[in-house]
Every structure is written in C-alpha cells, then in structure tokens.
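Report on the structure given below.
The values are calculated or read from the model by the stated rules, or taken from the named source; none is laboratory data. Here the structure is a predicted model, which is why all the values come from computation and not from measurement. Heads up, the Cβs are rebuilt from the backbone with ideal geometry, glycines too, and the neighbour counts pull from every protein chain shown. Quick note on the areas: whole protein, heavy atoms, side chains included, nothing else; ligands and nucleic acids left out. Shrake-Rupley method; radii C 1.70, N 1.55, O 1.52, S 1.80 Å.
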Amino acid sequence: KNFAICYVATNEGAPSIEFSEGCGIIESLYVLPTAYTNDVVQNGNDFSPAMPENGYIRITATGIDESGAVTGTSEHFLYDGRAAQGWKEWNISNLGEVKRVEFRMYEGTTEGGKRVDSKADYPTYPSYFAIDNIAIRK
C-alpha cells in the first residue's frame, strides 16, 4: 500500500535515501517502473518513441558514507528489452555501511552484445520508478 516514487530529471541532484542518524546497511529493496513509464516504453507518446526491442533502462545505486566517500555501486535493469519485469528485488548490500544511497538512471540499446548508454542530456523515456520493501540492517 505504501511505496515511494523516484524521479530522475537528470543525473545531477539524484534522488536518494538517507539515514537521519548514523549509518546502516540497506540489504535490498524492490523496484518497479511506474505505469506512466511502462506505457511510454511500450507505446511511445508525443515526446518519445516506443522503446526498441534492444533497448534498456538501468538504475544505479551509489553508496555514500558519512565522510562523503563512495562505498560502492550496484545496478539494476528496469527494462532489458521492452518487457515489463514487475516488482523485482534488488540486493544492494554490496554498498556496505552508508549514510546515503543515490539513484541514477540510464537508457540505451544493446548493439552486438554490447550495451551502449545514450549520450542525450535528458532521458527519452519518463524517468520514474517505484521503491518498496526496503530491508535495512542498522
């Protein structure tokens, strides 16, 4: 019933989860593209074409400790092709003990088995995703 929606307008000023006191380890969370994102990926709209069959959208999570140092990065594909994945668990425990986790979103295509991120300044597709069931170890 309760979940958060993240919006990544650009990869500057990324949305984040932050501990109000101290640090902790975020074991995992569930992510899902929003209905709006899914509709545009599948059907396109006035601003974006439908995603090609070889398209993808991936999210990265970057851990930041109390000193501001990066503790690690993890990635999850919201789309790998146009098929919607549903709620998927994303294990980000490899980020270790963090003060904050920042999220960024990238899109691109797979060409000849190699992923090629778009170089556009702004995303082609709506850059919204939902987060739920955050598992924390304090």
**Message:** Could you derive backbone 3J(HN,Hα) for segment 22-38 from the dihedral phi with the Karplus parameters 6.51, -1.76 and 1.60 (θ = phi - 60°), listing whole Hz in sequence and x where the residue is Gly or Pro?
**Reply:** x, 10, x, 10, 8, 5, 6, 8, 9, 10, 7, x, 6, 4, 4, 4, 4
**Message:** Between K119 and S16, what's the calculated FRET efficiency when r is the beta-carbon distance and R0 is 22 Å? Round to 0.05.
**Reply:** 0.35
**Item:** Probe 1.4 Å, protein heavy atoms only - accessible area per residue of the chain in square angstrom
**Value:** 55
**Integer Hz, Karplus 6.51/-1.76/1.60 couplings in order for segment 130-138, x for Gly and Pro** = 9, 10, 8, 6, 6, 9, 10, 10, 8
**Request:** Compute the relative contact order of the chain as a whole-number percentage, counting only Cα pairs closer than 8 Å that sit 6 or more residues apart in sequence.
**Result:** 41
**Prompt:** In terms of solvent-accessible area of protein heavy atoms at a 1.4 angstrom probe, what is the ranking of V116, V70, highest value first?
**Reply:** V70, V116
**Asked** For segment 44-90, what relative contact order do you get, as a whole percent, if you take Cα pairs closer than 8 Å and at least 6 residues apart?
**Response** 37
**Complete:** Diffing segment 55-72: the Karplus 3J(HN,Hα) column from phi (6.51, -1.76, 1.60, θ = phi - 60°), in whole Hz with x for Gly and Pro, holds x, 8, 10, 10, 10, 10, 10, 10, x, 10, 8, 4, 7, x, 7, 6, 9, x
**Prompt:** If you roll a 1.4 Å probe over segment 42-100 with all protein chains in place, what percent of the accessible area is carbon or sulfur?
**Reply:** 44
**Asked** Rg and Dmax of the chain over Cα atoms: what are they, in angstrom?
**Response** 15.2, 46
**Request:** Report the full-extension gain for the segment R100 to A84: residue separation times 0.36 nm, less the Cα-Cα distance, to one decimal in nm.
**Result:** 3.0 nm
**Message:** For a quick check of your reading of the filter: which chymotrypsin sites (Phe, Trp or Tyr not before Pro) in segment 11-63 sit in a DSSP loop and have no more than 11 other Cβ atoms within 10 Å?
**Reply:** F47
**Complete:** Restricted to pairs 8 or more residues apart or on different chains, the lysines in the chain with C-alpha atoms under 29 Å apart form a number of pairs equal to 8
**10 Å Cβ shell holding at most 14 others, DSSP loop, GluC sites (Glu not before Pro): longest site-free stretch of the chain** = 67-138
**Item:** Dipole in debye (nearest 20) - the chain, about Cα centre, beta carbon charges: Lys, Arg +1; Asp, Glu -1
**Value:** 200
